[in-house]
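Student: Input: one structure, supplied below.
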Amino acid sequence: MQRRNIIRLMAAISTTVVIGSAAYWQYRMQPLTTVKVHETTVPTIFIGGDYAKAFSTNGFVHRLSETNLMTKALVVHVGKRGQVNIQQVAPLRYNPTIQVIYADNHHPTLQAHQLVKVMSILKQRYHVTRYDAVGHSSGGNIIFDYLTQTPQAQQPKIHKFVTLGSNYPDATAAIKKLPPKLPVLNIAGQLWDTSGDGTVTLKSVLAFSQQLRHDAFQPQTHVIHGGLLTATHSMLHINPLVDREIVSFLYGR
């Protein structure tokens, strides 16, 4: 009898967890259900931050593909010596995504240099001529350094740039090397009434928008206010409110 009661209790707990998880998932996805987007073949490249592995951008791709806002298309693995391996999941259609995942994910300058080869392959093999880019934390720095330190004449052309929880303390001179009139969405987090997202200060993130405006860019700036599950540095890239801001910026009607 005791064993039967334990089994019933475990079954009840399991059922509660499953139902609760499903309800929480629906709650978390709610901000994306009302977003309207137009379809394009311009891919969006996602790059995670310091020590980021595949899960760092998997959330973006999973949520946005589940809600039919984007399509998981390519996963690019970059080896420690820069070797590139690409897995194609779907054609580059219907707002396609490209995840770039680095084996050496703690050296943004090196990663920016390795991105040159990635972009060349994407252009030659997959005919990518334009792209959007989303970088979380140092992922934003990787994209920025790639754009400002690499001759862009033979590279695909960036269309829009989203930077999430990133700061650019040495960007004043380099900003002038960005493509003119590049649309930029700069997203910051503010945990409760603190000075930032717990890792990066709000002031340092917003300084990037100020620098851009100084050089005649017109960035969009958005601050995510909230608690530990929404506004902290490591939670920004799994927050559907952030997803909504990103897809509205990239594909909004």
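The values are calculated or read from the model by the stated rules, or taken from the named source; none is laboratory data. Values in this document were obtained by computation on a predicted structure and should not be read as measured data. Backbone-built Cβ (ideal geometry, glycine too); neighbour counts: all protein chains shown. Protein only, heavy atoms only, side chains kept; ligands, DNA and RNA dropped before computing areas. Shrake-Rupley method; radii C 1.70, N 1.55, O 1.52, S 1.80 Å.
Student: Among the residues of region 177-200, are any under 20 Å from G48 (Cα atoms), in contact (Cβ under 8 Å) with a residue 60 or more places away in the chain and open to solvent by less than 10 Å² (accessible area, probe 1.4 Å)?
Tutor: yes
Student: So, L147, is that one of a type outside the set (S, T, N, Q), touching a helix residue (DSSP H, G or I) at 6+ places or on another chain (Cβ under 9 Å), in contact (Cβ under 8 Å) with a residue 12 or more places away in the chain and open to solvent by 50 Å² or more (accessible area, probe 1.4 Å) or not?
Tutor: It is false that L147 is of a type outside the set (S, T, N, Q), touching a helix residue (DSSP H, G or I) at 6+ places or on another chain (Cβ under 9 Å), in contact (Cβ under 8 Å) with a residue 12 or more places away in the chain and open to solvent by 50 Å² or more (accessible area, probe 1.4 Å).
Student: Of the residues S209, S204, S166, which single one is in contact (Cβ under 8 Å) with a residue 12 or more places away in the chain, in contact with a Pro (Cβ under 6 Å, 6 or more places away or on another chain) and open to solvent by less than 60 Å² (accessible area, probe 1.4 Å)?
Tutor: The unique qualifying residue is S209.
Student: Let me ask something additional. Being hydroxyl-bearing (S, T, Y) and outside any helix (DSSP H, G or I) is the filter here; which residues of region 65-84 pass it?
Tutor: T67, T71
Conditions (1) among the aromatic types (F, W, Y); (2) assigned to a strand (DSSP E or B); (3) crowded, with 22+ Cβ neighbours inside 10 Å, marked per residue:
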site	(1), (2), (3)
I86	no, yes, no
L92	no, no, no
Q99	no, yes, yes
D104	no, no, no
T109	no, no, no
H113	no, no, no
K117	no, no, no
S120	no, no, no
K123	no, no, no
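For every residue, the table says whether it meets (1) under 20 Å from the mean Cα position of the chain (by Cα); (2) modelled with pLDDT under 95.
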site	(1), (2)
A11	no, yes
S14	no, yes
V18	no, yes
S21	no, yes
T33	yes, yes
G48	yes, no
T67	yes, yes
V76	yes, no
Q114	yes, no
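Student: Does V118 satisfy being closer than 19 Å to V242 by Cα and modelled with pLDDT of 95 or more?
Tutor: Spelling it out, it is not the case that V118 is closer than 19 Å to V242 by Cα and modelled with pLDDT of 95 or more.
Student: Picking from Y131, Y94, Y102, which residue would you name as being in contact with a strand residue (DSSP E or B) (Cβ under 6 Å, 6 or more places away or on another chain) and at positive phi?
Tutor: Testing whether each residue is in contact with a strand residue (DSSP E or B) (Cβ under 6 Å, 6 or more places away or on another chain) and at positive phi leaves just Y94.
Student: Counting only residues that are open to solvent by 60 Å² or more (accessible area, probe 1.4 Å), touching a residue at least 24 places away in the same chain (Cβ under 8 Å) and under 24 Å from G198 (Cβ atoms), how many does region 223-253 have?
Tutor: Number of matching residues: 5.
Student: Anything in region 211-227 that is farther than 17 Å from P240 by Cα and not polar (S, T, N, Q)? List them, or say none.
Tutor: L212, R213, H214, D215, A216, F217, P219, listed by residue number.
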